[in-house]
1. From the list A:402, A:419, A:407, pick out the single residue that is closer than 27 Å to residue A:317 by Cβ and either charged (D, E, K, R) or assigned to a loop (DSSP other than H, G, I, E, B) (or both).
2. Going by the conditions given, is residue B:29 surrounded by 24 or more Cβ atoms within 10 Å (Cβ to Cβ), of a type outside the set (Ser, Thr, Tyr), assigned to a helix (DSSP H, G or I) and in contact (Cβ under 8 Å) with a residue 60 or more places away in the chain?
3. Among the listed residues A:355, A:298, identify the single one that is in contact with a Phe, Trp or Tyr (Cβ under 7 Å, 6 or more places away or on another chain) and not in a strand (DSSP E or B).
4. May I ask you to verify whether residue A:102 is buried (at least 20 other Cβ atoms within 10 Å of the Cβ), within 7 Å of chain B (Cβ to nearest Cβ) and of a type outside the set (D, E, K, R)?
5. Got at least one residue in region A:45-62 being touching a Lys or Arg at 6+ places or on another chain (Cβ under 6 Å) and not assigned by TED's automatic domain parsing to the domain that holds residue A:317?
6. Quick one: what pairs do we get from region A:29-41, first residue within 17 Å of residue B:24 (Cα to Cα), second aromatic (Phe, Trp, Tyr), C-beta under 9 Å, 6+ apart or different chains?
7. Counting only residues that are over 14 Å from the mean Cα position of the chain (by Cα) and of a type in the set (Phe, Trp, Tyr), which one in region A:136-152 is nearest to residue B:70 (Cα to Cα)?
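The values are calculated or read from the model by the stated rules, or taken from the named source; none is laboratory data. These numbers come from a predicted model, not from an experiment. A quick note on method: Cβ atoms are made from the backbone with ideal geometry, for glycine too, and the neighbour counts reach across all protein chains shown.
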Amino acid sequence: MGNALINLAYLASATLFILGIKGLTHPRTAVRGNQLGAIGMLIAVVTALVDQQVVNYVWIIAGLVIGSGIGALMATRVQMTDMPQMVALLNGFGGAASTFVAGAALLDALQIDLALITPQFIVATAASGLVGTVTFWGSLVAFGKLQGIVKDVRLPGAQIFNAILLVVALALSVWLIVDPTAVWIYWAIVVVSSILGLSLVFPIGGADMPVVISLLNSYSGIAAAAAGFVLTNNALIITGSLVGASGIILTSIMCRAMNRSLTNVLFGIWVPSDAADSSDDVYGGRVKAANAEELAMLMETARRVVIVPGYGMAVSQAQHAVRDLVNLLEERGAEVEFAIHPVAGRMPGHMNVLLAEADIPYDKMKEMDEINPSFEQTDVVIVIGANDVVNPVARTNPSSPIAGMPILNVDKARSIIVIKRSLSPGFAGIPNPLFAADNTLMLFADAKKGALDIMNALKAV
Amino acid sequence: MEILVVSLTVFVLALFIGVEIITKVPPTLHTPLMSGSNAISGITLVGAILSAGSLGPQAATILGFLAVILATINVVGGFMVTNRMLGMFRRKD
């Protein structure tokens with residue numbers, strides 16, 4: 001009876017999680033959705049606490065207090081620009097928690113009841129240890145890269161090395177099934193997976209971080225589901241597979257938006273591009289620099305303005321300056337919208353959060369497919385800190401490294417203003433003919449300063 | 001074996017539900033989706049609590065204790081930061 005009640009409570013929390021994610025399908029219902037999820041978690045935690053298996057509360061309470069403190073501190077202190085780092089860390093912690101839970105379950109089962117140890121228990125334990133550990137170390141490296149502490153490390157033969165590590169980890173898992181009393185094998189799996197996690201993410205470049213974070217998000221879910229199989233706990237299984245599915249979907253959206261296959265990202269493969277034009281050929285004498293006053297005159301008569309934000313806007317914290325510029329343009333009767341490429345920023349939806357932080361309403365943020373047809377009717381496009389996602393070469397040159405990548409067709413607009421510090425290439429490492437187009441004017445400035453200068457000039461007009 | 005089949009059934013059905021709902025989340029909310037799903041993946045906290053509080057060997061208790069800390073960071077940090085972000089989206093309504 002007690003058991004049935006406990007399982008019903010877990011069912012209630014799983015239901016609340018599903019309803020919670022459902023709430024996220026619209027910004028209006030999202031806050032409530034998140035709260036439903038939190039209530040679901042509270043139910044699950046209380047249910048675990050009253051489980052008769054729990055006899056000693058000292059460690060639990062200590063852990064809850066320490067964890068809550070750290071979590072609350074992280075959540076209130078983090079800058080919106082640094083959200084990718086925060087999510088990377090949370091992914092990693094989730095993975096490590098699953099590794100520890102599976103290890104503890106193995107130790108408990110060995111001491112309390114050997115009958116618990118079935119092949120499926122061991123398979124799940126090994127899977128939890130492997131995926132959880134890879135998630136933890138992979139996420140730490142991703143965090144380091146986003147933070148600029150860790151550089152890309154590319155070694156020849158890394159793929160073969162990773163394949164060998166995976167085979168070793170799987171062989172150890174089989175050994176653990178044969179001899180479950182040898183707990184050291186579990187920790188050997190953890191050590192091998194640690195090396196695997198590090199060596200998987202070290203070679204992956206900054207531009208691919210949105211894919212990596214999404215994928216690690218998925219792994220953290222899969223690790224939780226595996227821990228659910230270890231404990232035969234449906235709440236863990238359901239939640240883990242929800243998160244696993246979420247991460248996989250985001251990963252595939254990111255890959256499609258960059259026209260990169262998942263295998264290429266995972267193994268750090270860049271298709272060599274011998275056909276890329278040199279920057280002299282593209283830019284030579286054709287780039288027109290303008291000052292803020294000239295740009296303000298151009299914008300004075302604009303009826304429709306589209307702003308394309310990129311990672312450069314995040315770096316210079318320009319979102320508030322951009323908001324002020326938008327307000328000024330709207331006061332003058334212009335229609336202003338934002339065009340957001342799926343991989344703008346360092347994680348899915350990163351630009352939207354930054355713009356929302358600056359009080360820009362979400363209905364002004366348009367997806368690529370929605371806004372692309374409207375560029376021909378747009379008077380002025382302002383590109384702020386974006387580069388590869390507006391490079392028309394993706395459409396025109398089939399041998400370019402970004403060939404086939406869906407881009408924002410800003411070159412179809414009447415005038416284009418690019419606020420950028422220099423002509424340096426983006427992550428793809430290729431020149432952008434948009435900067436040399438007849439209808440493009442460059443404002444060589446930091447994103448925040450550029451936006452402020454244009455606004456002040458526009459006020460003076 | 002029967003338990004495994006039941007668990008697998010639950011797992012596969014939940015995957016389908018996940019795909020169904022999550023494809024409907026608009027790109028604008030993809031960052032909160034990630035931090036929010038992070039928070040709920042902290043459900044491993046349940047397993048951590050059971051290990052940290054049970055009568056198992058000392059080593060299992062310590063592992064459980066570490067897992068409770070990590071999973072709680074996930075849960076509390078994830079829900080709080082998601083709430084903070086979503087509040088920004090709601091402000092202009």
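1. A:407
2. Values: surrounded by 24 or more Cβ atoms within 10 Å (Cβ to Cβ): yes; of a type outside the set (Ser, Thr, Tyr): yes; assigned to a helix (DSSP H, G or I): yes; in contact (Cβ under 8 Å) with a residue 60 or more places away in the chain: yes.
Yes.
3. A:355
4. So residue A:102 fails the test.
5. no
6. A:30/B:89; A:31/B:89; A:34/B:79
7. Checking each candidate, the answer is A:136.
Residues checked against (1) of a type in the set (Asp, Glu); (2) at pLDDT 90 or above; (3) farther than 23 Å from residue A:343 by Cβ:
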position: A:273; (1), (2), (3): no, no, no
position: A:280; (1), (2), (3): yes, no, yes
position: A:283; (1), (2), (3): no, no, yes
position: A:286; (1), (2), (3): no, no, yes
position: A:300; (1), (2), (3): yes, no, yes
position: A:315; (1), (2), (3): no, no, no
position: A:320; (1), (2), (3): no, yes, yes
position: A:325; (1), (2), (3): no, yes, yes
